[in-house]
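The values are calculated or read from the model by the stated rules, or taken from the named source; none is laboratory data. The structure displayed is predicted, hence computed values, not measured ones. When we count neighbours, we look across all protein chains shown, and the Cβ atoms used for this are built from the backbone with ideal geometry, even at glycine.
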């Protein structure tokens, strides 16, 4: 029997009945998102800033602060540090002494910024305070089936009803407000625009003189604006229903209010664009209808997983996390460039994205039968291909080396850690393969073959031949996925070794599919790659780390990725079983990350431990917390109020647990879920993990 998808989604609609600064709701389309408080707008941003800020962000919305010292700072002046790699010097932009100012400016620029704030102007009620809202009057629901936030509250016993939605194709937030307070001119809508900031809320409200909002044109039902902020220029169109008027309230602020007492509804659309508007005015009704069509189609296509009929009381919570993670990654992680770790909600690491995290953000889309949502960002790798080739060449390598922490421009940000990471390198090969597996279309092979082959060429030139032991090694001179290891002694990290082999195997498979002969260099490396490091019957973080489970038992237990995230062709299953158990008994999970829990669950599933897989996914740990709005919070970390790699990793793990994996899983339905009679699993249109 097919899943009733409407009921599945509806029962997990987030409902808020009071202010919760750690769990506001968002609408978006992958390119653009807006987060609101319980008024349905962004009326009280101040109480959210220390928790989960109320921002409007877009994929194109980047800003660079003026360079200090009269522009004397530039990327070209950054000194690189030299590392000895098998007797050869390789330079990395880590942390050169005496260049701290340049180092931090390059890390912070360009940065994402908050496009604006749209909230109620409640100045007629006196001092701005949440106490203005009548106690007990709040009810806000995110209707995920329609992609609309419906908010109700009252002020002085006057009801206020608000609908908030985002256009699925345009960077436009639209709202409908109904209340008798509108005609009384006590309820107005205030549009404010900040100066860009690399901080979490992306906003500098204290620098009004550094930017300006010019009025370009005024019509009866719309006003077009030009925002000028340093070298950035972008456009805003505010359109509105009859009976209301938009007027300037400051250098960068405008207010929308009724023109007479008979008005009790305001409808508006605020559209943002990096180029002048060419399309006609998009009113609220158009946005609402488009939004409903898009989200109903989203939920009716692609994968679905239902657990509600399970006896285990934890099943409904896991189902909730899965549904909300599908919604959140769709609005935050499915855009035209890889997302930052906090998506389009607020800034993390100055809004820059980390390419090793792109896997956890978006690799689930093909598994849940939505490959186009991953493909939307794969073009970006092709767009920076020349820079990736230049990066590899500058370090003496062949092929394309993908950077770690970057903005839209693809330029590596300096970091004491990032430039030395390598586990993002095979990712694009895997993305291409995941997309191909959905439809097995030769067009995909031709579309992404350069990404696959150039990546493999770099990987081949990066390994070092150890003549004494007749093997190829990784390192020293790198930092593994578990980032607490010194690069000078890191040799043959378990996960990266297995990932290198897997990447070469896929690249060779692509050559066969295209009718090309096997690459002899890749084949040589596959046959002579170092064995995975182990000691006392467990896998180590890397070959020179005998104290993996004592001194280094925190951060990511990345050795588990070698069997779980990957099929683990080099793995001894008994050794990995012992490694998983050692992690579960000795790891300091206080310092684990949100995606580590799905990684452990995937390893447990491949090892035939479905009960353990579910226990891990629902482990009571601070960084495995899922808020009422569905976001994975990283404990008490103020800089990471949400962590989308945790949501995406959960979807990879549960897709695998439901649909299985290519080789070695038991021939049973939903092999990664317990068979103790307490779990009833229904799934459809989910693809197995390789």
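Taking the criterion of being in a loop (DSSP other than H, G, I, E, B) and more than 21 Å from residue 38 (Cβ to Cβ), the residues of the range 619-633 that qualify are 619, 620, 621.
Here residue 196 meets each of (1) farther than 30 Å from residue 396 by Cβ; (2) at pLDDT below 95; (3) buried (at least 19 other Cβ atoms within 10 Å of the Cβ) with one exception, condition (2).
So, residue 453, is that one crowded, with 23+ Cβ neighbours inside 10 Å, in contact (Cβ under 8 Å) with a residue 12 or more places away in the chain and in contact with a helix residue (DSSP H, G or I) (Cβ under 7 Å, 6 or more places away or on another chain) or not? Write out each step before concluding.
Working: crowded, with 23+ Cβ neighbours inside 10 Å: no; in contact (Cβ under 8 Å) with a residue 12 or more places away in the chain: yes; in contact with a helix residue (DSSP H, G or I) (Cβ under 7 Å, 6 or more places away or on another chain): yes.
No.
Residues in the range 641-668 that are surrounded by fewer than 24 Cβ atoms within 10 Å (Cβ to Cβ), modelled with pLDDT of 95 or more and out of contact with any helix residue (DSSP H, G or I) (no Cβ under 8 Å at 6 or more places or on another chain): 660 only.
Going by the structure shown, is residue 86 more than 30 Å from residue 43 (Cα to Cα) and either touching a residue at least 24 places away in the same chain (Cβ under 8 Å) or more than 31 Å from the chain's Cα centre (by Cα) (or both)?
On the way: more than 30 Å from residue 43 (Cα to Cα): yes; either touching a residue at least 24 places away in the same chain (Cβ under 8 Å) or more than 31 Å from the chain's Cα centre (by Cα) (or both): yes.
It is true that residue 86 is more than 30 Å from residue 43 (Cα to Cα) and either touching a residue at least 24 places away in the same chain (Cβ under 8 Å) or more than 31 Å from the chain's Cα centre (by Cα) (or both).
A Cβ distance below 8 Å, combined with a sequence gap of six or more or placement on separate chains, defines the contacts here; from the range 545-561, residues that are at positive phi and in a loop (DSSP other than H, G, I, E, B) reach no residue that is crowded, with 24+ Cβ neighbours inside 10 Å and at pLDDT below 95. Can you find a residue in the range 500-518 that is touching a strand residue (DSSP E or B) at 6+ places or on another chain (Cβ under 9 Å), in a strand (DSSP E or B) and buried (at least 17 other Cβ atoms within 10 Å of the Cβ)? No, the conditions are met nowhere in the range 500-518. Kindly state which strands (runs of 3 or more DSSP E) lie completely within the range 22-91 and contain at least 1 residues that are in contact with a strand residue (DSSP E or B) (Cβ under 9 Å, 6 or more places away or on another chain) and buried (at least 24 other Cβ atoms within 10 Å of the Cβ). Qualifying strands (runs of 3 or more DSSP E): 25-28, 32-36, 56-58.
Considering 636, 605, 649, 653, which residue is within 20 Å of residue 686 (Cα to Cα) and either assigned to a loop (DSSP other than H, G, I, E, B) or over 17 Å from the mean Cα position of the chain (by Cα) (or both)?
Numbers: 636 fails: within 20 Å of residue 686 (Cα to Cα); 649 fails: either assigned to a loop (DSSP other than H, G, I, E, B) or over 17 Å from the mean Cα position of the chain (by Cα) (or both); 653 fails: either assigned to a loop (DSSP other than H, G, I, E, B) or over 17 Å from the mean Cα position of the chain (by Cα) (or both).
Within the list 636, 605, 649, 653, the selection yields 605.
Residue 264 meets all of the listed conditions (1) touching a strand residue (DSSP E or B) at 6+ places or on another chain (Cβ under 7 Å); (2) crowded, with 21+ Cβ neighbours inside 10 Å but one, namely (2).
Every residue, every condition in (1) surrounded by fewer than 19 Cβ atoms within 10 Å (Cβ to Cβ); (2) closer than 27 Å to residue 161 by Cα, yes or no:
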position: 228; (1), (2): yes, no
position: 242; (1), (2): yes, yes
position: 255; (1), (2): yes, yes
position: 278; (1), (2): yes, no
position: 287; (1), (2): no, yes
position: 290; (1), (2): no, yes
position: 299; (1), (2): no, yes
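Among the candidates 132, 150, 118, the residue that is over 18 Å from residue 46 (Cβ atoms) and surrounded by 15 or more Cβ atoms within 10 Å (Cβ to Cβ) is uniquely 150. For the range 406-428, the criterion of being closer than 22 Å to residue 631 by Cβ and in contact (Cβ under 8 Å) with a residue 12 or more places away in the chain is satisfied by no residue at all. Looking at 475, 537, just one residue is out of contact with any strand residue (DSSP E or B) (no Cβ under 7 Å at 6 or more places or on another chain), on the phi > 0 side of the Ramachandran plot and surrounded by 19 or more Cβ atoms within 10 Å (Cβ to Cβ), and that residue is 475.
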